[in-house]
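Notes follow once the structure below has been shown.
The values are calculated or read from the model by the stated rules, or taken from the named source; none is laboratory data. Values in this document were obtained by computation on a predicted structure and should not be read as measured data. All Cβ positions, even for glycine, are placed from backbone atoms using ideal geometry, and neighbour counts span all protein chains on display. With ligands, DNA and RNA removed, areas are computed over all heavy atoms of the protein, side chains included. Shrake-Rupley method; radii C 1.70, N 1.55, O 1.52, S 1.80 Å.
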Amino acid sequence: RAKDTGRERAVWFDEQMHVDSVNRVAIENDLRHALDRDELLVEYQPAFDLRVERICHVEALVRWRHPVRGLVGPQEFIPVAEETGLIHRIGELVLARAVEQAGRWAHVPDLRVWVNVAPQQLVDREFPARLAARLDRAGLPAHRLGIEVTESALVACSPAGEVLEGIRALGVAIAIDDFGTGYSSLARLGEFPVDVIKVDRSFVHDLGTPRGEALVAGIVTLARAIGAHVIAEGVETLPQLTALSALGVDSASGYLLARPSAPGHLPLTIPTEASFRWRTGLHPAVAR
Ligand code: C2E
Ligand code: MG
Ligand code: MG
Ligand code: MG
């Protein structure tokens, strides 16, 4: 009996894996054409500075408008792009769009646009020079741009370390994304120039439990020690926002505040919506 169940499960599992690999090959094929057909687009999600009560950060998030599948999220195609090397072209496209958009937001005070960069991109020694040229051409001050890297990029070490130093030397900010979910050691963190630590939404989700609060408090303490700011991601409820504010987190983003959207919607509707939430006294602990 146990054996039968085992076999059934094995068969089911194989079929599942087959579907996944077929799906993967389909994605890979289509992704090659997606760039030529201009099917990729970039949405933007703001993060709010909890003290000045303004949007100071906007994260660029890539999407794929697939002719058949509809809007496909990055979780479905970034891993494929990383495996096939297409990530370099996609990465450059997102950077180009984000730099262009950051230029259009030049009138928004203290706004920085953040771009996610894959570990593979940081192995490319020409990355900083190309970025410098891009900023130059666009006339964008470097402090208007930030690069988000995950801990795995730090573990990859040299030449990623050198590339990060090169990016930072331009005046472009560096953030560690999804902090606490990877494998970086604390020692390693001290080796790299880090401006912002982004608290992963799994920690935000655990707020309200003693363990969750302690973890976020620990990340804030660590960030202070290395002179980094803290942005919490994935804030979906008011109690989470209130707790983050009390814990000394600098900025927050999440569906509670704004979903990722087309850039045109950001400068007008989102600040209005945010100030509405901010000023209605919906969250007295935050409006200090
Ligand atoms: P990430 O950089 O950690 O981005 C945050 C993700 O959380 C985004 O998912 C965002 O839509 C989602 N999110 C924001 N607020 C909330 C919330 O309140 N609740 C929940 N449940 N989710 C929220 P998205 O857009 O699907 O992106 C997923 C990941 O794909 C990103 O995680 C990032 O690692 C990667 N990614 C996105 N764009 C790019 C890109 O241009 N290049 C590279 N290399 N990776 C990218
Ligand atoms: Mg990110
Ligand atoms: Mg993240
Ligand atoms: Mg992520």
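Taking the full set of protein chains and a 1.4 angstrom probe, give the accessible area of L170 in square angstrom, rounded to the nearest 10.
Counting only protein heavy atoms, L170 exposes about 60 Å² to solvent.
Taking H placed 1.01 Å from N in the peptide plane, check which residues at least 5 places from V230 or on another chain put their amide H under 5 Å from its amide H.
I197, D250, S251
7 Å from Cα along Cα→Cβ at both A106 and N29: what's the point-to-point distance in nm?
Reported label-point gap for A106 and N29 is 4.5 nm.
Given the protein chains as shown and a 1.4 Å probe, how many square angstrom of R259 are accessible, to the nearest 10?
Roughly 140 Å² of R259 is accessible to a 1.4 Å probe.
What list of ³J(HN,Hα) values in whole Hz, one per residue of region 239-245 in order, does the Karplus curve 6.51 cos²θ - 1.76 cosθ + 1.60 (θ = phi - 60°) give from phi, with Gly and Pro shown as x?
Residue by residue, region 239-245 yields x, 5, 4, 5, 5, 5, 4 Hz.
Once the piece of chain linking A129 and R188 is laid out straight, how much longer is it, given 0.36 nm per residue of separation minus the C-alpha distance between them? Please report the intermediate quantities before stating the final value.
Values: separation 59, 0.36 × 59 = 21.24 nm, distance 2.47 nm.
Net length gain for the segment: 18.8 nm.
How far apart, in nanometres, would the label points at R69 and T221 be if each is projected 7 angstrom from Cα along the Cα-to-Cβ direction?
If labels sit at R69 and T221, their model points lie 4.4 nm apart.
Leaving ligands, DNA and RNA out of it, rank R211, R104, R134 by accessible area with a 1.4 Å probe, largest first. Don't skip to the end; give the middle numbers.
On the way: R211 155, R104 130, R134 40 Å².
Highest to lowest solvent-accessible surface, that is R211, R104, R134.
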